[in-house]
Amino acid sequence: MAPTPPHSAAENLVTIDDVTFAYDSRVILENISLKVTRGKVVAIMGASGCGKTTLLRLIGGQLKPASGNVQVGNLSVPTLNTAELFRLRRKMGMLFQMGALFTDMNVFDNVAFQMREHTDLPETAIRDLTLMKLHAVGLRGAWNLMPSELSGGMARRVALARAIALDPMLVMYDEPFAGLDPISLAIVGRLIRTLNDALGATSIIVTHDVQESLKIVDYVYLMSDGVVMAEGTVADIQRSDDPFVRQFVDARADGPVPFHYPAQEYQAMLMES
Amino acid sequence: MKRQLLDFWVGLFVALGIAALVFLSLRVANLTGLDDGSAYSVLAEFDNIGGLKVRAPVKSAGVTVGRVSDIDYDTVQHKAVVTVAIDSRYQFSTDTSMSILTSGLLGEQYIGIQTGSDSEMLQDGDLVWLTSSAMVLENLIGEFLFSKAKEGTGDTEAQ
Amino acid sequence: MSDYLQRVSGFFQALGRPVTEQLVALGRAARFFVEVILASGICLRRPGLVVREMYFIGVMSLVIILVSGLFVGLVLGLQMYDTLERFGSGDIVGMVVALSLVRELGPVLSALLISSRAGSAVTAEIGLMKTTEQLTAMEMMAIQPVARVVAPRFCAGILSVPLLTAIFNVVGIFGGYLVAVHLLGVDTGTFWSQMESAVDFRMDVVNGFIKSVFFAVAIIFIAVFQGFHATATAEGVSLATTQTVVKSALVVLGMDFVLTAFMFRGI
């Protein structure tokens, strides 16, 4: 870490600056810029397939942008070599879309995994720390279950405990609410908020679940087709009368995001046989 | 507990595997024969070695006392030069004779040693000069046919 | 005219595509091989990981190896005795069984059996870890999946296959012994002495062992490669599993010919 980070870097933990990313010729992100303020929970929302997950992968350094810069703390992620990148990733936690728990280990070993791999702590200390993390997500009693024995909500909570195992400064959530029942949804939502504040971490949530995330986040980016369409605090978004924001927040079937996939004139298509 | 059980099984597996390797080496391959350290080499020249191969046994009175270690061709005398490694426990006189024999009618070929009466013993690098070549089946048949034909010539000339 | 040219060039492209695709795959495999070898240091630093995988690759394959080895030995004993007896040399059945097992059948059959029992399981396991994002998750935790997941399985496979092959050989010889001595009435002493006189340590046992090490590297590498590069869908994993068994079989048989040609050329 640099001795005196510039003001903006201190305020914004993650800065994405004019990033373009494409798989071959398919453009996923186009000149996108966004900032994540330290200590906040930020949601990046958008329809499925609009490049939200790609954004997380860029921050984690798994993908490199075609142009632009991704800055985490005062490090420019695309320029890091593998060793530097791995050192940075130790300070990041990530919750994957389907949890991605290690299926050959029980709940305890899953949460203890990073501590065992990355630290030389004695087994008693690892035990205490792991039980603390499991306690925080309310699953201390499930420590010896295998991932296949967990319900979807429990698996998500274990994955959450694993993501915060090393007390990261940045936690990224990829669709933390997908496929959960309302109770689990509320639990996970509350956990994200409380854990973020308790750890003094910064969280980025990528989601398409508007209602749940608006309850817990500080700031929202709305994305569509690889560009940021709207941004603001939760109040800003709820008050906004931008047609796109309204369509998304009110979950309307048709609007600026059309119901129909681009096609030629309906009549014409029916006539040509 | 779980971990110990796993270690136990893997340990058992490795022990079984090593035991199998030892069994293959000692019981199946009988790795108690001679090693090169305690052997001496002598040379022998043969007109024809037939089907003799490197590592073929060298036997005296039916006991394996050594092995063929090398087969070469002498371009001057046009003979086969066979290097034989003999276990140093066994000593043979300098007038020893060697012959290439066949175990059974069609079996593998080996070198038979018949020791002589000389009091001097063979040393490393010595040449054995009393040798008899392999019996080649084709030559035998050829000779047999030739002698038969000779018997037959009398009859044809008589006609 | 340009249409014609396009068709011709298209034809040549279609002709060349499989070749270039295979070359790309080969290059990727070679790079992955180097990557795995470089990452294999973890096997020495953390032997516990290797022991765990040896349980799944070695111990779990024991039953199929023991049963198949026994039956191969029994059948070899019966068949060989029947053929040899026509020439009045039924007594050397022990030697024939031992030689065929130690030189060829042991290494080849065990490699084929292990690749279908353990190789396919390794592919499916790694493929599933990829499909469920476990490998990506590991990478995000600053842990190299090649070192943590692939290398221990690779080392465990290389250690397990030669041991399993030796066990297969011994059980097979025992099967031959049962048939020859107890069923067909060959003398016990003759059975063993014929075997001992014919089987050479360097030529047969060591060469057989070398073969099994080569096969071990081949089948376990194919298994981890297929798993690690499987398409991350259920379909992709099942395809990769099938490919592991098929490719292992082809590579083992092909390698066997090459190795045999090198080893037994002069004998």
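Numbers below:
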| read-out | value |
| --- | --- |
| Selection from region C:44-58 of residues that are open to solvent by 20 Å² or more (accessible area, probe 1.4 Å) and either among the acidic types (Asp, Glu) or part of a helix (DSSP H, G or I) (or both) | C:Leu44, C:Arg45, C:Pro47, C:Gly48, C:Leu49, C:Val51, C:Arg52, C:Tyr55, C:Phe56 |
| Test result for A:Leu134, in contact with a Pro (Cβ under 6 Å, 6 or more places away or on another chain) and either of a type outside the set (A, V, I, L, M) or within 22 Å of A:Val188 (Cβ to Cβ) (or both) | no |
| Test: residue in region C:207-227 that is more than 14 Å from every other protein chain (Cβ to nearest Cβ) and without any contact (Cβ under 8 Å) to a residue 24 or more places away in the chain | no |
| Listing of strands (runs of 3 or more DSSP E) fully contained in region B:45-144 that carry 2 or more residues being surrounded by fewer than 16 Cβ atoms within 10 Å (Cβ to Cβ), of a type in the set (D, E, K, R) and at pLDDT 80 or above | B:63-74 |
| Some residue of region C:118-141 being in contact (Cβ under 8 Å) with a residue 40 or more places away in the chain, basic (Lys, Arg) and in contact with a Phe, Trp or Tyr (Cβ under 9 Å, 6 or more places away or on another chain) | yes |
| Evaluation of A:Val107 against (1) away from every other protein chain (no Cβ under 14 Å); (2) farther than 25 Å from A:Ser151 by Cβ; (3) modelled with pLDDT of 85 or more (one fails), failing number | (2) |
| Residue within region C:98-109 that is within 13 Å of chain B (Cβ to nearest Cβ) and free of Cβ contacts under 8 Å to residues at least 60 places away in the same chain present | yes |
| Residue match in region A:33-49 (condition: open to solvent by less than 10 Å² (accessible area, probe 1.4 Å), modelled with pLDDT under 85 and away from every other protein chain (no Cβ under 14 Å)) | yes |
| Exclusive hit being under 30 Å from C:Gly90 (Cβ atoms), part of a helix (DSSP H, G or I) and either open to solvent by less than 80 Å² (accessible area, probe 1.4 Å) or in contact with a His (Cβ under 9 Å, 6 or more places away or on another chain) (or both), set C:Gly16, C:Gly69, C:Gly27 | C:Gly69 |
| Selection within region A:66-77 - touching a residue at least 12 places away in the same chain (Cβ under 8 Å) and surrounded by fewer than 21 Cβ atoms within 10 Å (Cβ to Cβ) | A:Ala66, A:Ser67, A:Gly68, A:Asn69, A:Gln71, A:Gly73, A:Asn74, A:Leu75 |
| Candidate set from region A:231-273 (those that are open to solvent by 80 Å² or more (accessible area, probe 1.4 Å) and of a type in the set (Ser, Thr, Tyr)); member that is nearest to the chain's Cα centre (by Cα) | A:Tyr261 |
| Helices (runs of 4 or more DSSP H) completely within region A:51-118 that count 2 or more residues being more than 17 Å from the chain's Cα centre (by Cα) | A:82-89, A:107-118 |
| Pick from region B:1-30, criterion more than 7 Å from every other protein chain (Cβ to nearest Cβ) and of a type outside the set (A, V, I, L, M, F, W, C), ranking: farthest from C:Gly58 (Cα to Cα) | B:Arg27 |
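The values are calculated or read from the model by the stated rules, or taken from the named source; none is laboratory data. Here the structure is a predicted model, which is why all the values come from computation and not from measurement. Cβ sites come from the backbone with ideal geometry, for glycine too, and all protein chains shown count toward neighbours. For the accessible areas, the whole protein counts, side chains as well, though only heavy atoms, and no ligand, DNA or RNA atoms are used. Shrake-Rupley method; radii C 1.70, N 1.55, O 1.52, S 1.80 Å.
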